[in-house]
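The values are calculated or read from the model by the stated rules, or taken from the named source; none is laboratory data. Note that the structure is a prediction, hence the values are computed from the model and not measured. Using ideal geometry, Cβ is built from the backbone for each residue, glycine included, and neighbour counts are taken over all protein chains shown.
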Amino acid sequence: MKSYKEMNREELLNELDLIKEQYQKYTDMHLSLNMARGKPSQEQLDLSNDMLDILNSHSHLYSLDNTDCRNYGVLDGLSEAKALMADMMEVHADQIIIYGNSSLNVMYDTIARGYIFGVGGNLPFSKQEKIKWLCPAPGYDRHFGITESFGFELITIPMTSKGPDMDIIEKMVSEDESIKGIWCVPKFSNPEGIVYSDETVRRMASLKPKAKDFRIYWDNAYCQHYLYDEEVKILNILDECEKAGNPDMVYMFASTSKITFPGAGISALASSLNNKEEILSYMTHQTIGHDKLNQLRHVLFLKDIKGIKTHMKKHAAIIRPKFEAVDIILKEELDGLEIGSWNFPKGGYFISFDSLEGCASKIVLKAKEAGVIMTNAGATYPYGQDPKDRNIRIAPTLPPLKELKTATKLFTICVRLVSLEKLLNN
Ligand code: PMP
């Protein structure tokens, strides 16, 4: 296809007429489709239904050490659940605390604890004059939302193909004592699917923060979420921090949300033994223990890391065709036009699309008016504001394949429409 940038005004106007016609056809279909959030489809959820029947009143309801899982207790989780999550997160079981169903809740809680009581014996965030947070972007809107809700100043850090820009991060954290944290999604980042290189992980672990209560908030949400048989390895940040003389500088988070059920999985935090002790000293006032029956269910159903990997291949078989369908349609409809670029990830839950500058919010609006909900433009940046108004997150997992194809085709029409209008107005 001829690039829009090479077309003269007349050609652009002809193309606009054509695309407007196509857009109208889709509007007339009165679609109601959703590509906004990274939710598993019903078919994916069904993969774990057997877990629901694994426990009943006749089951053995005791853990390996004979704890009655129906009763109170075991603050940091059953040892077999810790072993399972440790294998999944590639850390040691004694570094793990098992929580309830949501890792986002654990992240919120971790920051709230810092806000109320302080981190590592330092002054609570609430008592410090100013708190700043580093936010590699495009990134996960709910991360940014947590730190924004505490009134922290969010600082956008550009992403590179190897992870966040470490030159900027090293300089900032070593100079500014009010920087207390950084959000990281090291494997298949949300939304770009970027995997942090070994160099990025090592440099992250070797940071020399001016603030003693600076921590890396390492959200390993997609640690086992491959689309293909090929696995992608990242270095273990806990080990690297230890080697670099920063053993307490990282909190790692993960959950089984996109393995079993987002509404009823288990989540975990992994950190140094020092940090774990500190966290438990506060947690002991919050709960007598999380849901051990659910921990037992997960262990009986997934069994071990081999079980997790086998199970994740079933997810991949369902979602891979969806990612491929989106990619094929984007290529068919947009290749060569020079009005957008996108990634094709090897895992995770998203495809990240970059339009021409100043077009993303109009594209999302056009799609919405024709019945397709996308993630809000800007959501992938702190404060919901993409300075270049370019990035759009595509979440292919939830809609059935046929609907996804229709929604993606309409999306490309919106991209063409808004880009043509922009080029004609220049
Ligand atoms: N972290 C990332 C990077 C995510 O993309 C998501 C869900 N989209 C979550 C955390 C949410 O995790 P949970 O379900 O464990 O709260």
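Here the range 142-161 is the region considered, the condition is being assigned to a helix (DSSP H, G or I) and in contact with a Pro (Cβ under 8 Å, 6 or more places away or on another chain), and the residue that is farthest from G193 (Cα to Cα) is E148.
Scanning the range 347-367 for residues that are within 16 Å of the ligand (Cβ to nearest atom) and in a loop (DSSP other than H, G, I, E, B) yields G348, Y349, F350. F150 satisfies every condition listed in (1) more than 16 Å from the ligand (Cβ to nearest atom); (2) in contact with a strand residue (DSSP E or B) (Cβ under 7 Å, 6 or more places away or on another chain); (3) over 30 Å from T310 (Cβ atoms); (4) not polar (S, T, N, Q) except (2). When S281 is tested against (1) among the small types (G, A, S); (2) in contact with a Lys or Arg (Cβ under 7 Å, 6 or more places away or on another chain); (3) more than 16 Å from the ligand (Cβ to nearest atom), exactly one condition is not met: (2).
Among the residues of the range 28-52, those that are at pLDDT below 95 and touching a helix residue (DSSP H, G or I) at 6+ places or on another chain (Cβ under 7 Å) comprise L31, L33, M35. Can you say whether V173 is away from the ligand (no atom under 15 Å from the Cβ), in contact (Cβ under 8 Å) with a residue 24 or more places away in the chain, of a type in the set (A, V, I, L, M) and in a loop (DSSP other than H, G, I, E, B), as far as the supplied structure shows? Criteria not met by V173. When D76, D65 are checked against the criterion of being in contact (Cβ under 8 Å) with a residue 12 or more places away in the chain, acidic (D, E), over 30 Å from V415 (Cα atoms) and buried (at least 20 other Cβ atoms within 10 Å of the Cβ), D76 stands alone in meeting it. Could we say that R113 is away from the ligand (no atom under 16 Å from the Cβ), in contact (Cβ under 8 Å) with a residue 40 or more places away in the chain, surrounded by fewer than 24 Cβ atoms within 10 Å (Cβ to Cβ) and under 18 Å from I234 (Cβ atoms) here? The answer is no for R113. So for the range 60-67 (the condition being at pLDDT 95 or above, among the β-branched types (V, I, T), out of contact with any Cys (no Cβ under 7 Å at 6 or more places or on another chain) and more than 30 Å from D141 (Cβ to Cβ)), does at least one residue qualify? Yes - at least one qualifying residue is present in the range 60-67. Restricting attention to the range 259-273 and to residues that are within 11 Å of the ligand (Cβ to nearest atom) and surrounded by fewer than 23 Cβ atoms within 10 Å (Cβ to Cβ), the residue that is farthest from K306 (Cα to Cα) turns out to be G263. For the range 121-136, the count of residues that are in a helix (DSSP H, G or I), within 16 Å of the ligand (Cβ to nearest atom) and either of a type outside the set (A, V, I, L, M, F, W, C) or within 21 Å of S267 (Cβ to Cβ) (or both) is zero. Within the range 58-81, the residues that satisfy the criterion of being within 15 Å of L300 (Cβ to Cβ) and either among the polar types (S, T, N, Q) or not in a loop (DSSP other than H, G, I, E, B) (or both) are S59, Y62, S63, T67, S79, E80, A81. Checking each residue in the range 53-62 for being in contact with a helix residue (DSSP H, G or I) (Cβ under 8 Å, 6 or more places away or on another chain) and closer than 28 Å to H315 by Cα picks out I54, L55.
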